[in-house]
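Reading through the structure tokens given below for one structure.
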Amino acid sequence: MKIRDILKNGKPTVSFEFFPPKDDAGFADLYRTIEALRPLAPSYVSVTYGAGGSTRRKTVELVSRIKTDIGIESMAHLTCVAATREEIQGVLDELLAAGMDNVLALRGDPPKGETKFVPTPGGFLYANELVEFIRGRYPFSVGAACYPEKHPEAPDAARDLENLKRKVDAGVDFLITQLFFDNADFFRFRDQAAAAGIGVPILAGIMPIVGAGQIKRMTQMCGARIPDRLLSKIDAVEDDAEAVRQVGMYHATRQCEELIAAGVAGIHFYTLNRSTATRAIFQHIKTR
């Protein structure tokens, strides 16, 4: 089922994001983790996509198995990194043949060790080009990314919104935000997007904090901000892994409650392939 149609039922979607493991043992473990989500009936599950050919094949295989074997709707991520138009078309053809209905179209980050994205000869430079390519040739429901605290490469928020509008106008059905920890950033961004003429549903990307060092590294890379009050709580217990996890779960749960009360279109959990925290939060918000 297309995610754009799922979003029409008026209830906030709840989804989980995973990435393909590097080896078969990890793949089997992840499959069992996702299979355990079936009783919770999430709206869909998404799977990220790497620049390597083997990782791409695992993405296609995993989203196909999630949908056909587990019975949960799935969405494949697709990036412009290290791929020509012909190679991207080949992946899209595989997804279509496998019965997939949804794609998250992303430019992707520069390869490891590089600071600037350089398109592959014969490939795409911007995500809006990829969106337009998909929309003109395939029946997929197309999602894209957005950044409540602006894209790290954007000179300012106004320019970032201009780029986002261009991407949405190319044929995006819904947006998923980068992770954020202050709902005020999300609400401000949602209002600014609406004022800019962006009318598609915006889903909130939530990552429960499960490790102090890990989340600090991730936020530095993606440009997200940890509010001072939350950071102080984490720093106070950073040597106690379980205490950090509890602080992170409590904060993410309160975030989700406030977002749902404010009419968010959906919650998208960044799981880092660990579903325990996100499952607990999901179960909590479903019972409220």
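Quick look at the values:
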{"quantity": "From the options 173, 169, residue that is out of contact with any strand residue (DSSP E or B) (no Cβ under 8 Å at 6 or more places or on another chain) and among the charged types (D, E, K, R)", "calculated": "169"}
{"quantity": "Residue within region 226-240 that is under 28 Å from residue 47 (Cβ atoms) and open to solvent by less than 40 Å² (accessible area, probe 1.4 Å) present", "calculated": "yes"}
{"quantity": "Unmet criterion (only one of (1) crowded, with 20+ Cβ neighbours inside 10 Å; (2) farther than 22 Å from residue 275 by Cα; (3) not hydrophobic (A, V, I, L, M, F, W, C)) for residue 138", "calculated": "(1)"}
{"quantity": "Strands (runs of 3 or more DSSP E) within region 1-100 that include 1 or more residues under 27 Å from residue 121 (Cα atoms)", "calculated": "44-47, 74-79"}
{"quantity": "Region 62-109, residues that are among the acidic types (Asp, Glu), touching a helix residue (DSSP H, G or I) at 6+ places or on another chain (Cβ under 6 Å) and closer than 17 Å to residue 270 by Cβ", "calculated": "none"}
{"quantity": "Of all residues in region 34-65 being buried (at least 16 other Cβ atoms within 10 Å of the Cβ) and more than 28 Å from residue 129 (Cα to Cα), the one that is modelled with the highest pLDDT", "calculated": "42"}
{"quantity": "Answer residue from region 1-53, given it is in contact with a Leu (Cβ under 8 Å, 6 or more places away or on another chain) and among the small types (Gly, Ala, Ser) and is farthest from residue 283 (Cα to Cα) among those", "calculated": "46"}
{"quantity": "Residue list for region 141-169, filter: among the small types (Gly, Ala, Ser) and either within 21 Å of residue 16 (Cβ to Cβ) or open to solvent by less than 20 Å² (accessible area, probe 1.4 Å) (or both)", "calculated": "141, 143, 144, 145, 154"}
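The values are calculated or read from the model by the stated rules, or taken from the named source; none is laboratory data. Please read these numbers as outputs of a predicted model, since none were measured by experiment. So basically every Cβ, Gly included, is an ideal-geometry build from the backbone, and we count neighbours across all protein chains shown. SASA here: full protein model, heavy atoms, side chains in, ligands and nucleic acids out. Shrake-Rupley method; radii C 1.70, N 1.55, O 1.52, S 1.80 Å.
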